[in-house]
Amino acid sequence: MPPRGYVGQPGSNHLGFLRFFGISAGAGELRCLAKSLHSPMKDQIIKKFAEVYGSPPTVVTRAPGRLEFIGNHTDYNGGTVLGVAIDRGVWVAVRATDKPQLQFFSDLAPNIVSVSPRAPGRLSSDESWANYPLGVWVSMASFRLQQPGGLDFLAMADLPPGAGLSSSAAIELSSALAFLGLTGQTVLREELVLLGKHAENNFVGVPCGILDQGVSGFGKKGHLVFIDCIGPRFETIPLDSGAHFWVFNTHSKHALIDSLYATRHRECMEAAQALGLKLLMETDSAKLEVNRAKLPEVLYRRAKHIVDEIARVAAVKQMLVAGDLKAVGRTLNSSHASSKTFFENSTPELDFLAETLATTPKVYGARLTGGGFGGAVMALTDAEFSETDAKAVGAAYQKKFNQSLQILHCQTGEGAETLPI
């Protein structure tokens, strides 16, 4: 089994991926886009594939994006996390060919990206989006899985990038299922998730934990996904049917490789080492305070966020079982405050949204979702929270920052799957 830690080096590939899946739309436009793409997406991708490559695909797959419900940066620290797979994602269509080429295309990309399977390396510039499926193909060898030889590949998405919804994990898992389908192989869901993570860590170079791929892989409609990342161990937690998710995307930069994500990863590892630990999940709040003098102030703040966040995940899990969404919401608010104060991965835009939503009627709570440093805020609301309410928040944001918001109303969705064609 390949290593689960971070061994890649940050580069610029994530930016290329975001440009590739760049969707710039207002709230109304985005809803129309999602409605027009999601229901007939399988038919559309099959048709587009035939237009590009001359004949239909043999395998079609999809994997959902995800919301990080709570558990901010806890995954690579060996902690626990709760996420939710949403009803939007990335679709992939493939077929095997006799040509010694791996060909990647999307309806949003200008050209086919052709790669030799003999010695594939990381791509750059406008082609760098293809590092995600290519990284999965390369990583299959580390899992002793047969790699398809020549292939044609096409991706489509109804998932906006840069909003903390993990479009990268969605394309990784849909690609993995597609490649496995071409070679007639099956793997356990845990191995599928680890394959996607390995590709992102080792080929793309993003030091992510297991959250993104785990939620995309194990998602279940009407449920949250709980992950004990040290295992990893996965389980689903039922969610009250009256709970709704609204995502407020700031359009601000959310490029994990070029952001401070890798810096936070390093700081957490340094904090654990200074405490004589392998990972921060091995301590708790009381022990951290006793050993505070061992840490520089910045490392103490990073560790405090992680340790307290792991405790918040455990608390929220119990609150969900009890059906206490008001208590869940208060804990979501506390999570954002910790991200702002101790982990410093928020922004003024995210803070304004989280704090505004926390005092808005029909909202249980709100917090940044994803890696931070831009992106989006997730609000947990009751069923009465409406588009009118969301637009009022958007108007306040527009007045404050002179920028528009992208607003997404999400539902829970199923995890990665291969579709019959």
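The values are calculated or read from the model by the stated rules, or taken from the named source; none is laboratory data. Bear in mind that the values here come from a model prediction, so they are computed numbers and not experimental data. Here Cβ is always computed from backbone atoms with ideal geometry, including for glycine, and neighbour counts include all displayed protein chains.
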Handout entry: Count - residues of region 238-253 that are in a strand (DSSP E or B) and either acidic (Asp, Glu) or crowded, with 17+ Cβ neighbours inside 10 Å (or both)
Key = 6
Completion exercise
Expected single match for surrounded by fewer than 19 Cβ atoms within 10 Å (Cβ to Cβ), assigned by TED's automatic domain parsing to the domain that holds Lys391 and either in contact with a Phe, Trp or Tyr (Cβ under 9 Å, 6 or more places away or on another chain) or not aromatic (Phe, Trp, Tyr) (or both) among Ala303, Ala272, Ala286 is Ala286
Fill in the blank from the handout: Within region 364-405, restricting to residues that are touching a residue at least 60 places away in the same chain (Cβ under 8 Å) and basic (Lys, Arg), the one that is farthest from Tyr261 (Cα to Cα) is Lys391
Completion exercise
Among residues of region 149-162 being surrounded by fewer than 24 Cβ atoms within 10 Å (Cβ to Cβ) and more than 19 Å from Glu127 (Cβ to Cβ), the residue modelled with the lowest pLDDT is Asp158
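A quick yes/no check of all residues on (1) in contact with a strand residue (DSSP E or B) (Cβ under 7 Å, 6 or more places away or on another chain); (2) of a type in the set (Asp, Glu); (3) surrounded by fewer than 17 Cβ atoms within 10 Å (Cβ to Cβ); (4) over 20 Å from Asp212 (Cβ atoms):
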position: Lys317; (1), (2), (3), (4): yes, no, no, no
position: Leu325; (1), (2), (3), (4): yes, no, no, yes
position: His336; (1), (2), (3), (4): yes, no, no, no
position: Ala354; (1), (2), (3), (4): yes, no, no, yes
position: Leu380; (1), (2), (3), (4): yes, no, no, no
position: Ala383; (1), (2), (3), (4): yes, no, yes, yes
Fill in the blank from the handout: The condition from (1) without any contact (Cβ under 8 Å) to a residue 40 or more places away in the chain; (2) hydroxyl-bearing (Ser, Thr, Tyr); (3) surrounded by fewer than 21 Cβ atoms within 10 Å (Cβ to Cβ) that Thr341 misses is numbered (1)
Practice task
With the condition kept exactly as written, say whether any residue in region 182-201 is out of contact with any strand residue (DSSP E or B) (no Cβ under 9 Å at 6 or more places or on another chain), hydroxyl-bearing (Ser, Thr, Tyr) and farther than 18 Å from Leu320 by Cβ.
Solution key: yes
Problem - Enumeration of residues in region 299-310 that are touching an Asp or Glu at 6+ places or on another chain (Cβ under 7 Å) and within 20 Å of His336 (Cβ to Cβ) - result: Arg302, Val307
Exercise for the section: Would you confirm whether any residue within region 49-62 is closer than 30 Å to Leu332 by Cα, in a strand (DSSP E or B) and either in the same structural domain as Ile306 (by TED's automatic domain parsing) or among the charged types (D, E, K, R) (or both)? Expected result: yes
Problem - Residue list for region 188-206, filter: surrounded by fewer than 24 Cβ atoms within 10 Å (Cβ to Cβ), part of a loop (DSSP other than H, G, I, E, B) and touching a residue at least 40 places away in the same chain (Cβ under 8 Å) - result: Gly205
Practice task
Among the residues of region 44-57, write down those that are over 16 Å from Gly89 (Cβ atoms) and not polar (S, T, N, Q).
Solution key: Ile46, Lys47, Lys48, Phe49, Ala50, Glu51, Val52, Tyr53, Gly54, Pro56, Pro57
Fill in the blank from the handout: Among (1) modelled with pLDDT of 95 or more; (2) surrounded by 24 or more Cβ atoms within 10 Å (Cβ to Cβ), Tyr76 falls short only on (1)
Problem - Candidates Leu165, Leu224, filtered to the one that is outside the structural domain of Ile310 (by TED's automatic domain parsing), at pLDDT below 90, surrounded by 24 or more Cβ atoms within 10 Å (Cβ to Cβ) and not hydroxyl-bearing (Ser, Thr, Tyr) - result: Leu165
Exercise for the section: Find all pairs meeting these conditions: Cβ atoms under 6 angstrom apart; at least six residues apart or on different chains; first residue within region 226-239 and without any contact (Cβ under 8 Å) to a residue 40 or more places away in the chain; second residue part of a loop (DSSP other than H, G, I, E, B). Expected result: Thr236/Lys220
Fill in the blank from the handout: The condition of being of a type in the set (Phe, Trp, Tyr) and not in a helix (DSSP H, G or I) holds, among Phe179, Phe153, only for Phe153
Handout entry: Any strands (runs of 3 or more DSSP E) falling wholly within region 345-421 and containing at least 1 residues that are within 16 Å of Asn249 (Cα to Cα) and of a type in the set (A, V, I, L, M)
Key = 363-369, 376-381, 406-410
Handout entry: Qualifying residues in region 92-130 (those that are among the hydroxyl-bearing types (Ser, Thr, Tyr) and more than 26 Å from the chain's Cα centre (by Cα)) - the one surrounded by the most Cβ atoms within 10 Å (Cβ to Cβ)
Key = Thr97
